Amino acid sequence: TSDVERVTCLAYYLSNAKGTQHFKTADITKLNTEAAQPELSNTSVAVDNATRGSQYLTIATGGKKQITPLGEAVVEALPDQNAVKAAIAAHGKKKRRKKAKKK
């Protein structure tokens with residue numbers, strides 16, 4: 001339903017079907033074109049949101065990304081949104097860093 005979920009699904013396919021554990025944003029764009037899917041409005045932003053916001057992807061070496069266990073659970077639960085919410089709940093809430101207090 002969102003660009004973040006589409007990017008996560010493409011990352012899942014790269015990881016499991018193509019055997020590419022680490023990938024760049026350009027690989028996601030290329031795979032999206034190969035799949036004859038509608039063009040993503042801004043792939044870089046979608047990948048960044050999947051990494052920082054949703055934590056479906058994580059940073060790997062050399063500026064590459066890889067899918068997290070949470071991302072895999074979400075893709076396996078799709079398209080049932082209730083199952084997606086359950087998968088997110090099963091992996092726990094996102095941990096936020098506390099800001100240092102100003103003196």
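See the values below:
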| read-out | value |
| --- | --- |
| Of all residues in segment 75-88 being within 21 Å of Ser15 (Cα to Cα) and open to solvent by less than 40 Å² (accessible area, probe 1.4 Å), the one that is nearest to the chain's Cα centre (by Cα) | Val75 |
| Hits in segment 9-61 (condition: among the aromatic types (Phe, Trp, Tyr) and under 16 Å from Val75 (Cα atoms)) | Tyr12, Tyr13, Tyr56 |
| Considering residues of segment 17-33 that are assigned to a helix (DSSP H, G or I) and without any contact (Cβ under 8 Å) to a residue 12 or more places away in the chain only, the residue least open to solvent (accessible area, probe 1.4 Å) | Ala26 |
| All positions within segment 54-74 that are surrounded by 15 or more Cβ atoms within 10 Å (Cβ to Cβ) and either out of contact with any strand residue (DSSP E or B) (no Cβ under 8 Å at 6 or more places or on another chain) or of a type in the set (Asp, Glu) (or both) | Ser54, Gln55, Leu70, Glu72, Ala73, Val74 |
| Enumeration of residues in segment 34-53 that are at pLDDT 85 or above and either open to solvent by less than 30 Å² (accessible area, probe 1.4 Å) or part of a helix (DSSP H, G or I) (or both) | Glu34, Thr43, Ser44, Val45, Ala46, Val47, Asp48, Asn49, Ala50, Thr51, Arg52 |
| Filter pass, His91 being modelled with pLDDT under 85, surrounded by 10 or more Cβ atoms within 10 Å (Cβ to Cβ) and either out of contact with any helix residue (DSSP H, G or I) (no Cβ under 8 Å at 6 or more places or on another chain) or not hydrophobic (A, V, I, L, M, F, W, C) (or both) | yes |
| Condition check for Lys101: among the charged types (D, E, K, R) and exposed (fewer than 11 other Cβ atoms within 10 Å of the Cβ) | yes |
| Residues that are among the β-branched types (Val, Ile, Thr) and outside any loop (DSSP other than H, G, I, E, B), drawn from segment 1-16 | Val4, Val7, Thr8 |
| Segment 6-16, residues that are open to solvent by 70 Å² or more (accessible area, probe 1.4 Å) and not aromatic (Phe, Trp, Tyr) | Asn16 |
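The values are calculated or read from the model by the stated rules, or taken from the named source; none is laboratory data. Please read all numbers here as calculations on a predicted model, not as lab measurements. Methodologically, a virtual Cβ is constructed for each residue, glycine included, from the backbone with ideal geometry; neighbour enumeration extends over all protein chains shown. Heavy atoms of the whole protein, side chains included, go into the accessibility calculation; ligands, DNA and RNA do not. Shrake-Rupley method; radii C 1.70, N 1.55, O 1.52, S 1.80 Å.
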